[in-house]
Amino acid sequence: MNKAMAQIKGLIGEGHVVDSVAEMAKFLRGNGKPLAVVFPGSTAEVSGLVKLANELNLKIAVGGQVVESKGLDGGLALVLSRMNKILEIDHANLVATVEPGILHAAFVTKMEEEGLNFPPEPFAVETGSVGGCFAIGDTDSKAFQYMPTRTYLLGYEMVLPTGEVLDIGNKCIKNVSGYDLIHFAVGSRGTLGIFTKLLIKLLPPPEVKYAVLADFASIHKASIAFTTLIKRNIHPTRLNLINATLAKNTFPATEGNLVMVDLEGFKASTELLAEEISSVFKLAGAKNIRIVTNADEYVKIWRAWLSLRGELNTQDVERILDINVGPMKMPPALKALEEITGDLAGYPGIVLEGLLGHIRMLLPTAAEKNQLAGKVNALAMSFGGNVSGVLGSRLVCEAYNDAEMWQGITSLINQIRKQFDPKGILAPGASL
């Protein structure tokens, strides 16, 4: 491997390669043991590294600040933190061109300073990059109003698993005919290629941002209040709940379960909505209802939410079970869920995203997740939903007793990956 290390250092410079176990650990998540962590600074360097990996049969995984090391033993962890520039901000067309390694939170802040809006929530506040935002393709709690993450990608430059460079898309909203290769790459988790440049759609900023906070003694009463708002055609930007256990750690002054409402829009209508939401919560039995209009306090509240969300996304994944049932099905689904799990109030974590009909459970152990997953998925299916992700897809096939369907799904995914990545170089730990 000394020859390989010499070639790697020759490509990107010795100062941009880390091979000490202690130093590498700062940039890795998981138990994999890569040969080195490397910090390319350009598309040409990324392409060169991928071509070298093909020659030497080395696996590659990529991240903006931190890399998932699963399956990466003896391979290369590419950290794109040097590729962190905003290359262009086009105010007239509401578009920005950026490199993938810029921190998501930093990009949001910069756009706000420019009088622009990039709505998607960071996957992880401290380490999530803009490239990672689209590679993961997360659907966050603002997606009802602002649409899913894929909506904001207009084009990209990508290094393919062979080392070739693909440049696709433009500043036009209508820029696809036939197969949509732009959005096909969103959510691919680095299996189809490595983003090296991103063309991002932006929005004008809202006039005001308010928050409504309320404490509920019961998760069920809060969920019913959510559906009451929706029945009244009140659809805020975010409509979230965190259970008492999580709330105590995130907002110590909370009494019980905390409901968090985000309102972004025009001043007059937002003020009226805040008052109406407050009235609905009061009738539903909420306590300590607050309408937050101060900008600094608003930022503090939602930064705390994003930190909690990021922690659940990255640190407790083996104990997380995500369920989708649809917004109006939440109250009966939660009651049915308790028949399987017992009192939800006692769980380490429950998060509701009311506008999406999304229930996130933080379970005591990974073993409990395995024990509950099948039953919970059957429940979700009875309400027209399912458990999220690869696990959910497999459980749906099992529920229909259709092994052939599951084999067909996995075969198609594997064929696509092999077509793009004949040697299986990229993202060895990624499951789609």
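Coordinate-derived values only; no laboratory data. Predicted, not measured: the structure shown is a model, and the values here were computed from it. A quick note on method: Cβ atoms are made from the backbone with ideal geometry, for glycine too, and the neighbour counts reach across all protein chains shown.
The figures follow:
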read-out	value
DSSP loop chymotrypsin sites (Phe, Trp or Tyr not before Pro) with at most 12 other Cβ within 10 Å: longest gap in the chain	1-178
Span per principal axis, largest first, for the Cα atoms of segment 86-201 (Å)	38, 31, 28
Extended-chain gain in nm, criterion 0.36 nm per residue less alpha-carbon gap, GLU339 and ASN57	96.5 nm
Debye log10 I(q)/I(0) at q = 0.23, 0.25, 0.26 Å⁻¹ for segment 30-86, Cα point scatterers	-0.86, -0.98, -1.04
Cα-derived Rg over Rh, computed across segment 208-393 with Rh taken as Kirkwood radius	0.96
log₁₀ of I(q)/I(0) at q = 0.17, 0.24, 0.26, 0.31 Å⁻¹ - segment 228-275, Debye sum with one point per alpha carbon	-0.61, -0.87, -0.91, -1.05
Label-point separation in nm, SER42 to ASN233, each point 7 Å along Cα→Cβ	5.7 nm
D (Stokes-Einstein, µm²/s), Kirkwood Cα radius, segment 313-432, 1.002 mPa s at 20 °C	137 µm²/s
Rh by Kirkwood over Cα pairs, then Stokes-Einstein D for segment 189-284 at 1.567 mPa s and 4 °C, µm²/s	84 µm²/s
Residue-by-residue Karplus 3J(HN,Hα) for segment 381-392, coefficients 6.51, -1.76, 1.60, Hz, glycine and proline x	4, 5, 9, x, x, 5, 5, 6, x, 4, 4, x
Mean ellipticity per residue at 222 nm, deg cm²/dmol - from DSSP H runs of n ≥ 4 across the chain, formula -39500 (n - 2.57)	-12000 deg cm²/dmol
Tail fraction, Cα-Cα pairs, the chain, threshold 39 Å, whole percent	24 percent
Neighbour cut-off at most 14 other Cβ (10 Å), DSSP loop, trypsin sites (Lys or Arg not before Pro), segment 224-258	ARG232
Average Cα contact separation per residue, segment 2-79, under 8 Å, 6 or more apart, as relative contact order %	35 percent
Loop sites in segment 162-228: trypsin sites (Lys or Arg not before Pro), DSSP, at most 10 other Cβ within 10 Å	LYS174
Around GLU255: net Lys/Arg minus Asp/Glu count, Cβ-Cβ under 12 Å	+1
Rounded to 5, percent antiparallel among DSSP beta bridges of segment 32-165	45 percent
In order through segment 25-35: 3J(HN,Hα) via Karplus (6.51 cos²θ - 1.76 cosθ + 1.60), integer Hz, x for Gly, Pro	4, 5, 10, 10, 10, x, 9, x, 10, x, 5
